[in-house]
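Asker: Dumping the structure here so I can ask a few things about it.
The values are calculated or read from the model by the stated rules, or taken from the named source; none is laboratory data. Source: prediction; values computed, not measured. All Cβ positions, even for glycine, are placed from backbone atoms using ideal geometry, and neighbour counts span all protein chains on display. The accessibility values were calculated without ligands, DNA or RNA, using every heavy atom of the protein model including side chains. Shrake-Rupley method; radii C 1.70, N 1.55, O 1.52, S 1.80 Å.
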Amino acid sequence: MPDVWVSKDDGSDIIRADSIAGVGRDYNGNVTARLVGGEGATVTLVDSGAHDGSPTPDDFHRQLLKVVAELSDTAQATMVRPVRDEQDGWRWITERL
C-alpha cells in the first residue's frame, strides 16, 4: 500500500495519514489531527485565523477523511493538503509524490 501524507496548510508539518487517530474542527474553523500513540499529540492542519479569518466549511474535517479513504486504492505515494483561494474557498487537493 502506498504512503498517503497529510500536510499542514503552510507546509510546515507533514504527517502520515495512517498516523491519524481522529480529526476535528473547532468553532473557529481550525482543523486538528490527533495522532495515534502520541499521548494526545495533535497537529493543527488548518489555522483559519492565518488566512484572513476565513473559516473552513463545517464539514471540512470530514472532507479530509473522504479524500484519504479514496486514496487508499491509489498506486502512488500522495500528499493531501488544504488550500484556500478567493474563488473556491477552502478545499483539499492531492499531489503525487
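Asker: Whole number in Å², please: accessible area per residue of the chain, 1.4 Å probe, ligands, DNA and RNA not counted.
Answerer: 60
Asker: Once the piece of chain linking Asn28 and Thr42 is laid out straight, how much longer is it, given 0.36 nm per residue of separation minus the C-alpha distance between them? Don't jump to the answer; show the numbers that get you there.
Answerer: Details: separation 14, 0.36 × 14 = 5.04 nm, distance 1.66 nm.
Extra length available between Asn28 and Thr42 comes to 3.4 nm.
Asker: Positive end of the charge dipole of the chain (Lys, Arg +1 and Asp, Glu -1 on Cβ, about the Cα centre): tell me which of Ile93, Ser54, Asn28 has its Cα farthest that way.
Answerer: Of the listed residues, the answer is Ile93.
Asker: For every other residue with a beta carbon closer than 12 angstrom to the beta carbon of Arg81, add +1 if it is Lys or Arg and -1 if Asp or Glu, then tell me the sum.
Answerer: -1
Asker: Another question, if that's okay. State the Cα centre-to-centre distance between the stretch 43-70 and the stretch 6-35 in whole Å.
Answerer: 8
Asker: Under a 10 Å cutoff between Cα atoms, tell me which one of Ala41, Ala69, Ala33 has the largest fluctuation in the Gaussian network model of the chain.
Answerer: Ala41
Asker: Let me ask something additional. How long are the semi-axes of the equivalent ellipsoid of the stretch 27-69, taking √(5λ) for every eigenvalue λ of the Cα gyration tensor, in whole Å from largest down?
Answerer: Values for the stretch 27-69, descending: 20, 15, 7 Å.
Asker: Would you please classify the overall shape of the stretch 1-40 from the alpha carbon gyration tensor, given that a ≥ b ≥ c denote the square roots of the eigenvalues, rounded means a/c under 1.5, and beyond that prolate means a/b larger than b/c while oblate covers the rest?
Answerer: oblate
Asker: If you line up the long axis of helix 60-70 against the longest principal axis of the chain, both from Cα atoms, how many degrees apart are they, to the nearest 10?
Answerer: Taking Cα atoms only, the helix is inclined about 20 degrees.
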